[in-house]
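The values are calculated or read from the model by the stated rules, or taken from the named source; none is laboratory data. In this text the structure is predicted, and so the values were computed from the model without any measurement. Cβ sites come from the backbone with ideal geometry, for glycine too, and all protein chains shown count toward neighbours. All accessible areas refer to the heavy atoms of the entire protein, side chains included, with ligands and DNA or RNA removed. Shrake-Rupley method; radii C 1.70, N 1.55, O 1.52, S 1.80 Å.
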Amino acid sequence: MTASLDSLQTNAQAVLDAFLFALGEFQNCFPQNDRFTVALSGGVDSIVLLDLFAKAAQQNFIASKVNAIYIDHQLQIDSSKWGEFCEQKCYAYKIPFQVKRVTIARQARQGFEQLARKARYKALFEALPRTNGVLITAHHANDQAETLLLNLFRGAGVSGLASMKNVLETNKGLVFRPLLEIQKNQIENYAEFHQLEWVEDPSNKECEFRRNWIRNKVLPDLETVYPSIVKTFNQTAHWMQESEILLEKLASIQCQQLYENSPNEINHWGFPLPEIIQEHSKERHCFSWGEYKNMFRFWVKSQQFPRLNESIFYWLFNTAYQTEEDGSIIKLKAPLAGDYLLTSGERWQLYQKSVFYLPAGNSISLNLKDFLSLKMDSTSKNHKTKLDIYVDMKRAEQLENIWLISLSQLSEDMQTLLNRKALKRYFQDNKIPVWQRSHWPFLVKNNSLTSNSQNPKDYELVGVFGSPKLIKFESGVKAMGLDGSVPKFLENYWQTQFCFPEA
């Protein structure tokens with residue numbers, strides 16, 4: 001009994017040490033992100049995570065604000081009781097707690113696990129503080145091994161086999177996994193040594209779900225032959241993460257080369273399609289198909305679009321390219337046309353030597369920061385111009401109560417102020433795709449006493465992006481050179497779409 005207790009104590013201390021080390025590393029890298037939200041399920045993993053944060057606070061290891069959240073999927077008869085259990089634990093630890101309920105509706109061609117995960121993370125990110133928020137999850141080394149196997153069975157490449165990272169940066173906030181280096185048996189030993197209580201979800205035993213099948217059957221069978229298989233899979237994931245970093249560095253360098261030699265812009269709107277060479281070719285003035293795929297993946301990831309799969313690359317290669325007679329150079333087809341429809345309604349569209357991602361509905365809404373970072377093409381291939389704002393100073397005056405609105409939402413009175421021929425020419429010269437032109441942003445001034453009026457007649461057209469020729473200005477025009485920065489009077493609307501403010 002004493003040896004068993006010693007073993008439990010050793011593992012419990014190892015878990016605490018590993019957690020504090022990971023937490024310290026995180027705080028060194030992201031000192032400003034100090035508002036932690038623990039994703040709590042009531043299971044042993046998340047209960048141990050909660051206990052570790054409580055101990056870290058007791059030892060003054062963190063001065064951060066910690067709270068917890070339980071997502072009730074409403075799929076189990078006892079799910080509400082598990083929420084009550086989590087609430088009791090947080091009350092004992094004096095950690096603020098909340099419950100969010102989600103409803104999961106099955107959709108065609110989407111697995112139930114995937115739907116539940118999307119609903120869970122959507123609710124979790126919505127609960128994060130808007131600034132400096134960090135989502136803390138209890139993923140551990142066994143979860144990492146399961147993820148690697150799942151992705152391997154799907155035919156994933158380097159990025160998929162890199163599996164989960166300790167820290168994931170998203171546009172919705174940071175995700176931090178401080179237990180990723182710790183194995184499941186160590187977590188269970190920690191819970192037993194500290195006499196923690198937790199709940200058991202019976203659905204974790206149902207092997208019709210692929211992750212459960214890997215957890216309950218595949219990994220245990222592998223461990224009978226390879227006792228260190230979990231550690232080995234985690235080493236592989238780490239090596240794949242290193243390889244992914246190197247590939248992304250190469251992609252960044254080559255994207256710059258592609259940009260310098262392309263008549264089209266690399267930005268949020270679309271990605272250029274250059275001529276490519278065969279993998280075995282000694283020509284170095286073009287990119288190989290493998291190099292292009294790496295750049296394209298890098299760009300897609302940077303824009304946080306859905307991940308690419310091999311079927312999309314197969315479509316892209318066969319739709320956009322044709323091989324020359326000597327087989328060395330692979331040129332673009334002319335004319336270039338075609339699209340690839342994704343299961344969720346989005347699509348990839350070929351247009352003017354570029355490939356574009358279109359969300360469902362065929363419209364792209366950029367936040368203002370992304371829009372202002374664009375450098376528009378002029379008719380000259382090698383001439384790039386800034387995307388400035390041009391403001392009618394008589395109408396705008398002190399630039400107060402200025403809002404963004406899309407071209408399609410201009411009132412009839414505003415439409416009469418547009419120079420239609422100049423607008424059409426500008427779109428053509430700068431290769432603005434047809435489906436994006438109705439979303440071109442204009443500046444309007446709210447002349448009403450209501451700050452968020454929904455009446456278009458309360459707004460007056462005062463400015464435009466791109467060129468002063470697009471509007472028939474009545475008085476002096478002020479050009480605001482942006483260089484990718486956002487002027488003070490618009491900085492609050494980075495995340496707004498080009499529309500009237502909502503009430």
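Some observations on this one:
- Filtering 159, 163 for residues that are part of a helix (DSSP H, G or I), small (Gly, Ala, Ser) and closer than 19 Å to residue 242 by Cα leaves a single hit, 159.
- Matching entry among 172, 184 (being within 28 Å of residue 249 (Cβ to Cβ), charged (D, E, K, R) and in contact (Cβ under 8 Å) with a residue 24 or more places away in the chain): 172
- Hits in region 228-252 (condition: in contact with a Phe, Trp or Tyr (Cβ under 9 Å, 6 or more places away or on another chain), more than 30 Å from residue 42 (Cα to Cα) and either outside any helix (DSSP H, G or I) or among the hydroxyl-bearing types (Ser, Thr, Tyr) (or both)): 252
- Meets criteria (closer than 24 Å to residue 186 by Cβ and open to solvent by 80 Å² or more (accessible area, probe 1.4 Å)) for residue 88: no
- Qualifying residue in region 453-461 (condition: of a type outside the set (S, T, N, Q), exposed (fewer than 15 other Cβ atoms within 10 Å of the Cβ) and either closer than 30 Å to residue 354 by Cα or at pLDDT 80 or above (or both)): no
- When region 43-64 is filtered for residues that are closer than 20 Å to residue 33 by Cα and either touching an Asp or Glu at 6+ places or on another chain (Cβ under 7 Å) or acidic (Asp, Glu) (or both), only 64 remains.
- No other residue among 51, 6, 34 is open to solvent by less than 20 Å² (accessible area, probe 1.4 Å), out of contact with any helix residue (DSSP H, G or I) (no Cβ under 6 Å at 6 or more places or on another chain) and more than 23 Å from residue 119 (Cα to Cα) apart from 51.
- Among the residues of region 334-359, those that are open to solvent by 50 Å² or more (accessible area, probe 1.4 Å) and either of a type in the set (A, V, I, L, M) or touching a helix residue (DSSP H, G or I) at 6+ places or on another chain (Cβ under 6 Å) (or both) comprise 334, 337, 340, 341.
- Taking the criterion of being at pLDDT below 70, surrounded by fewer than 18 Cβ atoms within 10 Å (Cβ to Cβ) and either closer than 19 Å to residue 250 by Cβ or in contact with a Lys or Arg (Cβ under 6 Å, 6 or more places away or on another chain) (or both), the only residue of region 263-278 that qualifies is 263.
- If you go through region 427-443 and keep only what is open to solvent by 20 Å² or more (accessible area, probe 1.4 Å) and aromatic (Phe, Trp, Tyr), you end up with just 435.
- Screening residue 56 with (1) hydrophobic (A, V, I, L, M, F, W, C); (2) without any contact (Cβ under 8 Å) to a residue 60 or more places away in the chain; (3) closer than 15 Å to residue 137 by Cα gives one miss only, at (3).
- Among the conditions (1) within 17 Å of the chain's Cα centre (by Cα); (2) without any contact (Cβ under 8 Å) to a residue 24 or more places away in the chain; (3) farther than 20 Å from residue 242 by Cα; (4) open to solvent by 60 Å² or more (accessible area, probe 1.4 Å), the only one that residue 121 does not satisfy is (4).
- Residue match in region 215-225 (condition: in contact (Cβ under 8 Å) with a residue 24 or more places away in the chain, buried (at least 16 other Cβ atoms within 10 Å of the Cβ) and out of contact with any Leu (no Cβ under 8 Å at 6 or more places or on another chain)): yes
- Any helices (runs of 4 or more DSSP H) falling wholly within region 173-227 and containing at least 1 residues that are closer than 17 Å to residue 22 by Cα: 184-193
- Set 440, 435: member being closer than 28 Å to residue 347 by Cα, modelled with pLDDT of 80 or more and of a type outside the set (Asp, Glu): 440
- Residue in region 126-138 that is at pLDDT below 95 and assigned to a helix (DSSP H, G or I) present: yes
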